[in-house]
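Every read-out reported here was derived from the displayed coordinates using simple, explicitly stated rules and does not represent laboratory data. Quick caveat, the model's predicted, so the values are computed rather than measured. Counting neighbours? That spans all protein chains shown, and the Cβs are built from the backbone with ideal geometry, glycine included.
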Amino acid sequence: MMQAFDLNIGEVLEHWTVPFAIREVIANALDEQTLTGTSEPLIAKDDAGRWHIADAGRGLRYEHLTQNENAEKRRHPDVIGQFGMGLKDALAVFDRRRVPITIRSPHADITTGRRAKQGFPDVITLHALVSEPSERGRTGTEVVLSNLADADVQTAKRFFLRYSDEQILEATQFGDVLAGPPKGKPARIYVKGMFVAEEPNFLFSYNIRKLSAPLRRALNRERSNVGRGAYTDRVKAILIGCQSPEVADPLTKDLAGYASGRLHDELAWRDVALHACRVLQTSQRVVFVTAWQMAANTPQLQYAREDGYRIIVVPEDIARALSKLTDLNGNPMTDLDAYRDAWNNSFAFTFIDLPAMTVTERHIYQQTAAIAALAGTDLTSAGAPAVRISETMRLNDTGHPVLGVWEPQHRRIVIRRDQLAGLATYAGTLLHEVVHQRSNTGDATLEFEQQLTDLLGKIAARALPTAD
């Protein structure tokens, strides 16, 4: 005996395509798997060209066709089908698109057809045609679809994170960050594993697993074309919950595009950019600089590179904010000023006095005042800077070795002991530091080069005979 169950659906959802309807059937199968802990749903085509979507759950009952929102699904945190009308909409689309459907479960066999509404013979609506189950002993629900294009099934499967080739970079309590899309393709936003929106200028794709109230309200019957305003707060929460370099590294690299206007949209969220910098410093040796600091290319940048630091270019407002923050381990953020302070504090001297020097070293060191005099500097006068020799210079001298340093706060020049190996070597390092002392300029600057050039000219003039 067959019963006609009125679905109360006329001509609705005209713009829904067949893949939308297949999506609803797949979602039901996946949810039943989640709720019952049963095996992976089957999605397969038989030799007759019909597509089968089957789960191993409890089996569909005709009563399920009356529910707009399933209370059991609503309570479960991981199911997809918490929103919209689902199967009823799918049945309407299949009917309108002339896709025959048969549903088999241990409780009933169901097909569809158009019938007069009870009591209103002139009103024709879609009905579920329910009959006794042909396989009472079967497990789960099987949906059989005929006259279906393979491309429609593949399109429907792409609505689901499970059937995509997306790579999860990091999972948080709010959801997952997925690897960025291929070049020229938009990023995708999923909610509980189902596609809801595209973002053409996002760096990553996302799967939101913990919904906010605005997002829950925005999920319509189509479950797609959801506006960004509905999920922005959740994408932010996901990113701020990340602590891996796999996410932080691409974000901070993207900050370099700020000046050229090629920034992805996530980096326009200041709190996300700051968090990415904090995460990156927690896992890597980095120095954050502005674009103009990078362009200036001061010696401190070179020292940082030689010390094994990565240089990260950030907008100026981010750089200002970083100076007040710490990384995830509580260490102050390292901008160029902080690195310079750390570099200066890394010097540790072991001074060598004259009696501890070798005969050769002592002879060369005793030429100190004469060498400085070539530059017009009198080291014998009151208040003149001291010149000290140290066995060590920096605690961690991993980059280009520091051979000498001018310390204005102590009014002294310190030169590494190995420079006493030869007079030319010692004189070159000493005169280099004398230029720093006299000019108060830094290494590798145009001002320092000019001062050094002037000094070389004066020394040459003193050394060469005067023309008649």
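Taking amide H positions as modeled 1.01 Å from N, with prolines and chain starts lacking one, the residues under 5 Å from residue 327 and 5 or more places away or on another chain are 333. Excluding residues on the same chain fewer than 8 positions from residue 324, give the aspartates and glutamates whose Cα lies under 13 Å from its Cα. Filter leaves 335, 337.
For the chain, the longest principal axis of the C-alpha atoms and the axis of helix 336-345 are separated by about 50°. Given the alternatives (i) 4, 15, 18, 14, 11, 10, 8, 7, 6, 5, 2, 1, 0, 0; (ii) 5, 22, 33, 27, 11, 3, 0; (iii) 4, 20, 30, 27, 15, 4, 0, P(r) over Cα pairs in 10 Å bins from 0, in percent as computed for this entry is given by (i).
A Förster radius of 51 Å combined with the Cβ-Cβ distance from residue 463 to residue 270 puts the calculated FRET efficiency at roughly 0.30. For segment 319-433, the dipole from Cβ point charges (+1 on Lys and Arg, -1 on Asp and Glu) about the Cα centre works out to 100 debye, to the nearest 20.
Once fully extended, how much extra length lies between residue 378 and residue 146, figured as 0.36 nm per residue of separation less the alpha-carbon to alpha-carbon distance?
On the way: separation 232, 0.36 × 232 = 83.52 nm, distance 10.02 nm.
Once the chain is fully extended between residue 378 and residue 146, it gains 73.5 nm.
In the neighborhood of residue 242, defined by Cβ-to-Cβ distances under 12 Å, what is the net charge if each Lys or Arg adds +1 and each Asp or Glu adds -1? Intermediate results must be reported in sequence, preceding the final value.
Details: positive: 236, 278; negative: 170, 176, 246, 249, 266.
Computed value for this residue: -3.
In order along segment 173-180, phi translates into HN-Hα couplings of 5, 9, x, 10, 8, 9, 4, x Hz, rounded to whole numbers, per the Karplus curve 6.51 cos²θ - 1.76 cosθ + 1.60 with θ = phi - 60° and x for Gly and Pro.
Using the alpha carbons of segment 165-240, what is the convex hull volume per residue in cubic angstrom, as a whole number?
With only Cα atoms used, segment 165-240 gives 84 Å³ per residue.
Here, segment 351-463 has an Rg and a Dmax of 13.9, 40 Å when only alpha carbons are counted. Entry for segment 404-443 at q = 0.15, 0.19, 0.27, 0.34 Å⁻¹: log10 I(q)/I(0) = -0.32, -0.51, -0.88, -1.14, Debye formula applied to identical alpha-carbon scatterers, no solvent contribution. For segment 335-413 and segment 182-208, what is the centre-to-centre distance using only Cα atoms, to the nearest Å? Rounded to whole Å, the Cα centres lie 58 Å apart.
Relative to the compact-globule scaling 2.2 N^0.38 Å, provide the ratio for the alpha-carbon radius of gyration of segment 230-301.
On the way: Rg = 13.2 Å, N = 72, 2.2 N^0.38 = 11.2 Å.
Here the Cα radius of gyration is 1.19 times the empirical estimate.
Between the alpha-carbon centers of segment 292-331 and segment 111-135, tell me the distance in whole angstrom. Between the Cα centres of segment 292-331 and segment 111-135 lies a distance of 70 Å. Each other residue within a Cβ distance under 13 Å of residue 165 adds +1 if Lys or Arg and -1 if Asp or Glu, for a net charge of +4.
Report, in deg cm²/dmol and to the nearest 500, the calculated mean residue ellipticity at 222 nm for the chain, where each DSSP H run with n ≥ 4 adds -39500 (n - 2.57) and the sum is divided by the residue count. Intermediate values should be presented prior to the final figure.
Values: 16 runs with 166 residues, N = 468.
Calculated mean residue ellipticity at 222 nm is -10500 deg cm²/dmol.
For the chain, a crude dipole built from +1 on the beta carbon of Lys and Arg and -1 on the beta carbon of Asp and Glu, taken about the Cα centre, is about 900 debye to the nearest 20.
Grab the beta carbon distance between residue 216 and residue 423, set R0 = 56 Å, and tell me the FRET efficiency rounded to 0.05. Calculated transfer efficiency: 0.10. Think of each Lys and Arg Cβ as +1 and each Asp and Glu Cβ as -1; about the Cα centre, that makes the dipole of segment 121-254 roughly 400 debye.
Rg over Rh for segment 216-347 works out to 1.07, both radii taken from alpha-carbon positions and Rh defined as the Kirkwood radius.
Compute the length gained on full extension between residue 386 and residue 45: take 0.36 nm times their separation in residues and subtract their Cα-Cα distance, giving the result in nm to one decimal.
Details: separation 341, 0.36 × 341 = 122.76 nm, distance 8.89 nm.
113.9 nm is the gain from fully extending residue 386 to residue 45.
Distances between placed amide hydrogens fall under 5 Å for residue 195 paired with 160, 161, all partners being 5 or more residues away or on another chain.
From the alpha carbon centroid of segment 142-167 to that of segment 35-53 is 11 Å.
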